[in-house]
Amino acid sequence: MNHPQRTTHARSSVRLGLIGLVLLAISAHAQSPLMPARTMGANVLVLPANAILSEQVESVPGTRMSIVVEGDFRVYRARHKGKDHQVHVALDGPARRLAFDLKEGRFRDVLPSLRIEMDDYADFDTVVAQAGGTGGKIYEALGFALISLPDDVNPAEAAAELSASRSVTSATIQLQGPLYVPM
């Protein structure tokens, strides 16, 4: 005999269970504010823009991070392969998004853009919108395109979202390069 109330109750229980799993996954992601990302040359950990991590967080084996406010500065610290690294960012200065370069063992500025590769660039405008971008440029002969992002969009999150897209074959963040000073 089929009992409609039991079937409805079972479906509700399954839905609540799925909602609980989604909330647990979101909570776990929120507890780890360091986000791994790829660049053209290395793997990095993108740091949250305005967060405080008073206790050191180990995001990858051998690398511990903390972010504290000391006086007029936000201080980013890393202990990586037995060495200490730190950078001070003025609280009233221009906004900066930082990443820790695991290969070079140093902090780097993250640019508000993505480098993507696609098999077909016909859907490029859709991909720009999906990333939350403000525009972009295709360099099809070179095999890539760049997407400009507003300052409030985390490039690591946008790259991770685009990497899951069928139309994008590669999405990487970009880091500020060294300044060239002619002699």
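The values are calculated or read from the model by the stated rules, or taken from the named source; none is laboratory data. This is a predicted model, so every value here is computed, not measured. All Cβ positions, even for glycine, are placed from backbone atoms using ideal geometry, and neighbour counts span all protein chains on display. With ligands, DNA and RNA removed, areas are computed over all heavy atoms of the protein, side chains included. Shrake-Rupley method; radii C 1.70, N 1.55, O 1.52, S 1.80 Å.
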Counting only protein heavy atoms with a 1.4 Å probe and every protein chain in place, the carbon and sulfur fraction of the accessible surface of the range 65-131 in whole percent equals 46 percent
Bin by bin, in steps of 5 Å, what percent of the Cα pairs in the range 62-172 do you find, going until the bin that has the longest distance?
2, 11, 19, 16, 14, 13, 11, 8, 4, 1, 0
Rounded to the nearest 20 Debye, what is the dipole magnitude of the range 88-159 about its Cα centre when Lys and Arg each give +1 and Asp and Glu each give -1 at the C-beta?
400 debye
Near Ala159, within a Cβ-to-Cβ distance under 14 Å, what is the net charge of the other residues, with Lys and Arg +1 and Asp and Glu -1?
0
Counting Lys and Arg as +1 and Asp and Glu as -1, what is the net charge of the other residues whose Cβ lies under 12 Å from the Cβ of Arg77?
+1
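From the square roots a ≥ b ≥ c of the eigenvalues of the alpha-carbon gyration tensor of the range 47-125, which class results: rounded (a/c under 1.5), prolate (a/b over b/c), or oblate?
oblate
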With a Förster distance of 35 angstrom and the Cβ-Cβ distance between Ala122 and Val75, calculated FRET efficiency to the nearest 0.05 equals 0.15
With the 8 Å Cα cutoff and a minimum separation of six or more residues, the range 81-143 has a relative contact order in percent of 20 percent
Where the only charges are on Cβ atoms (+1 Lys, Arg; -1 Asp, Glu), what is the dipole of the range 43-141 about its Cα centre, to the nearest 20 debye?
600 debye
Net charge over other residues, Cβ less than 13 angstrom from the Cβ of Pro112 (K, R count +1; D, E count -1):
-1
In whole Hz, what ³J(HN,Hα) sequence does the range 85-94 give by Karplus (6.51, -1.76, 1.60; θ = phi - 60°), x for Gly and Pro?
10, 8, 9, 10, 10, 5, 5, 9, x, x
Pulled fully out, how much extra length does the chain show between Glu157 and His88, if you take 0.36 nm times their separation in residues and subtract their Cα-Cα distance?
22.4 nm
Separation of alpha-carbon centers, the range 82-140 and the range 155-171, rounded to whole Å:
12 Å
Under the 7 Å Cα-to-Cβ spin-label approximation, Ser54 and Leu142 lie apart by a distance in nanometres of 4.6 nm
